[in-house]
Amino acid sequence: MNFEARYPGKELLDQDDIPFGDIELNMKELNTINTYLGGHSITIEGFKALAAGRKFISVCEIGCGGGDNLAAIYSFAKKNGVQVRLTGIDLKESCISYARKRKSLPADTIFITSDYRAVAFNENPDIIFSSLFCHHFTNRELADQFAWMKQQSAVGFFVNDLQRNILAYYSIKIITSLFSSSYLVKHDAPVSVRRGFHRNELNMICREAKITPVKLLWRWAFRFLLMYKHG
C-alpha cells in the first residue's frame with residue numbers, strides 16, 4: 001500500500017444518497033474519536049492561538065458536520081469568559097438539521113446549508129477553521145480553499161487535519177473494526193488517513209495559495225494544526 005502519494009479514492013460520506021440515520025451514527029462516533037484521540041483539543045489550541053486574549057470573537061467552521069467542533073469551542077470559551085458568535089457551514093442539509101438540535105450550542109448559533117464558496121458574509125468572521133474537512137479535497141482545490149479562508153477571515157484561519165501515516169492507518173483500522181458500529185466510520189476512517197497529508201504537501205499548498213507565513217504543528221494522534229494570522 002502506497003503512503004507516498006495521497007489516495008485519490010472518495011469516502012462513502014461524500015456520496016449524496018447516504019441515509020440520515022447512518023450519517024447521524026457516523027457523526028456521533030466521530031465526536032467520540034475527536035474527544036478521546038485529541039481532535040477537539042487541537043481545535044481549541046488553534047482557537048486560542050488566534051483569539052489571543054480577546055473577550056469577544058466570531059468564529060466560522062466550514063464543513064461543520066454535526067457541530068461538535070463548534071460545541072467544543074463554545075464550551076472552552078464559556079469556561080474562560082470569552083463571548084463567541086458561532087457560524088457553521090455544511091453542504092449537507094441532514095448535518096445542519098442535526099447540528100441545529102445540539103443542546104451544547106447557544107441558540108444564536110448561525111447554521112448555513114451551502115457550499116462554503118457560495119457564502120457571502122455581511123461581516124467577515126474573525127476566525128475561520130475546518131477540522132477533518134481538507135482531506136476531502138484535491139491539493140489544487142485546497143489552494144483555493146486556503147486562499148478563500150484567508151480572504152474571508154478578519155483575524156486568520158486554522159486547519160486541523162490528518163497526517164498520512166502507515167501506523168495511523170492500521171491503528172484506526174483496528175480501533176474502528178473493534179469498537180465502531182458505523183459502516184461509514186469503518187470504511188471512511190482508514191480512507192481519510194490515506195487521503196491525509198505529509199508536511200511538505202501542506203507547505204506546498206500554502207505556497208500555491210500565496211499564504212505565508214504559516215505555522216504548521218504536528219500533534220498527537222497523527223494530526224497537523226496549520227494556522228495563519230493576518231498581519
Could you grab me the full set of residues in the range 17-53 that are more than 17 Å from the chain's Cα centre (by Cα) and within 18 Å of HIS135 (Cα to Cα)?
none
Tally of residues being open to solvent by 20 Å² or more (accessible area, probe 1.4 Å), closer than 13 Å to GLY39 by Cα, in a strand (DSSP E or B) and touching a residue at least 60 places away in the same chain (Cβ under 8 Å) across the range 216-231:
1
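This table checks each residue for (1) touching a strand residue (DSSP E or B) at 6+ places or on another chain (Cβ under 9 Å); (2) surrounded by 21 or more Cβ atoms within 10 Å (Cβ to Cβ); (3) modelled with pLDDT under 90; (4) closer than 17 Å to HIS136 by Cβ.
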residue	(1), (2), (3), (4)
MET1	no, no, yes, no
PHE20	no, no, yes, no
ASN69	yes, yes, no, yes
ASN80	no, no, no, no
Lone qualifier among ALA154, ALA189 - being in contact (Cβ under 8 Å) with a residue 12 or more places away in the chain and part of a loop (DSSP other than H, G, I, E, B):
ALA154
Tell me whether the range 162-171 contains one or more residues that are touching a residue at least 60 places away in the same chain (Cβ under 8 Å), outside any helix (DSSP H, G or I) and open to solvent by less than 10 Å² (accessible area, probe 1.4 Å).
yes
For the range 197-212, enumerate the residues that are out of contact with any helix residue (DSSP H, G or I) (no Cβ under 9 Å at 6 or more places or on another chain) and not in a helix (DSSP H, G or I).
HIS198
For the range 100-122, pairs from a residue that is of a type in the set (Phe, Trp, Tyr) to a residue that is open to solvent by 50 Å² or more (accessible area, probe 1.4 Å), with Cβ under 9 Å and 6 or more apart or across chains, are PHE111/ARG100; TYR116/LEU91
Test ASN34 against the stated conditions and say whether it is touching a residue at least 24 places away in the same chain (Cβ under 8 Å), farther than 20 Å from ILE110 by Cα and open to solvent by less than 70 Å² (accessible area, probe 1.4 Å).
yes
Does ILE89 fit the bill of being assigned to a helix (DSSP H, G or I), among the β-branched types (Val, Ile, Thr) and open to solvent by less than 50 Å² (accessible area, probe 1.4 Å)?
no
Filter the range 107-118 down to the residues that are open to solvent by 30 Å² or more (accessible area, probe 1.4 Å) and in a loop (DSSP other than H, G, I, E, B), then identify the one that is farthest from ALA77 (Cα to Cα).
ASP115
Candidates GLU45, GLU29, GLU61 - the one that is among the charged types (D, E, K, R) and open to solvent by 40 Å² or more (accessible area, probe 1.4 Å)
GLU45
Taking the range 119-140 and the residues there that are farther than 20 Å from GLY46 by Cβ and part of a helix (DSSP H, G or I), the one that is most open to solvent (accessible area, probe 1.4 Å) would be ARG140
Might you check whether a residue that is more than 15 Å from LEU202 (Cβ to Cβ), open to solvent by less than 10 Å² (accessible area, probe 1.4 Å), hydrophobic (A, V, I, L, M, F, W, C) and touching a Cys at 6+ places or on another chain (Cβ under 8 Å) occurs anywhere in the range 144-160?
no
Residues of the range 172-194 being out of contact with any Ser or Thr (no Cβ under 6 Å at 6 or more places or on another chain), open to solvent by 10 Å² or more (accessible area, probe 1.4 Å) and among the charged types (D, E, K, R), which ones?
LYS173, ARG194
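The values are calculated or read from the model by the stated rules, or taken from the named source; none is laboratory data. If you're wondering where the values come from, they're calculated on a predicted model, not measured in any experiment. With ideal geometry, Cβ positions are generated from the backbone for all residues, glycine too; neighbour counts draw on all protein chains shown. With ligands, DNA and RNA removed, areas are computed over all heavy atoms of the protein, side chains included. Shrake-Rupley method; radii C 1.70, N 1.55, O 1.52, S 1.80 Å.
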